[in-house]
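Peer 1: Sharing a structure here in structure tokens format.
Values quoted throughout were computed directly from the atomic coordinates according to the rules given, and no laboratory measurement underlies them. Remember, predicted model here, so these are calculated numbers, not experimental data. Neighbour counts run over all protein chains shown; Cβ positions are idealised from the backbone, glycine included.
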Amino acid sequence: MIKLQVIGNLGRDCTVNNVNGRSVMNFTVAHTERYRDAQGNQQDKTIWVDCAYWSDRTAVAPYLKKGTQVYVEGTPEVRTYQKNDGSTGASLSMRVLNVQLLGARPEGQGGGYAQGGAPAQQGYGQGGSYSAPAMGPAPVSMDQGGDDLPF
């Protein structure tokens, strides 16, 4: 089994559809990696993952709104398609086994935490069972303070 784990923000609101009598929740997660290139310039690289969560327990769907930070894990699938210009493209999708809400993005700010600095915690595993993992204090951004190391 190949397992994919992604922490990122939802790119659009979750939609719930019925396919052959089963419910499926569809949403996209954007994960952005920040790195420095060879010239020392900070670069961002965003990877989009299309997610399909097959479950009859869709209670989490109203909370899966655009901008919400989530943790999802499942099995990856790569799909190829033909672009308009004739070249072949690929997209990454995931059959979700577990989804956990980490928080909502405050209006006008980056970051993935709800107002007050603490992440909202709700998780729905396979079968829709609720689990809220214990989390410590909010992480400190490594982008601040650049070269000021404590040692």
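Peer 1: When a/c reaches 1.5 or more, the comparison of a/b and b/c decides; with that in mind, is region 55-94 rounded, prolate or oblate per its Cα gyration tensor? Please list the in-between numbers first.
Peer 2: Details: a/c = 2.87, a/b = 2.23, b/c = 1.28.
Here region 55-94 falls in the prolate category.
Peer 1: Lys/Arg Cβ at +1, Asp/Glu Cβ at -1, dipole of region 1-59 taken about the Cα centre: which of Leu4, His31, Thr46 is farthest positive-ward?
Peer 2: Comparing the listed Cα positions along the dipole, Leu4 ranks first.
Peer 1: Continuing with this model, one more query. If packing is taken as the average count of other Cβ atoms within 10 Å, what order do 45-52, 67-74, 85-92 fall into, highest mean first? Provide the component values of the computation, followed by the final result.
Peer 2: Numbers: 45-52: 15.1, 67-74: 20.2, 85-92: 9.2.
In descending order of packing, they fall as 67-74, 45-52, 85-92.
Peer 1: Arrange Tyr53, Tyr35 by Cβ neighbour counts within 10 Å, fewest through most, would you?
Peer 2: Working: Tyr53 27, Tyr35 9.
With the sparsest Cβ surroundings first, the list reads Tyr35, Tyr53.
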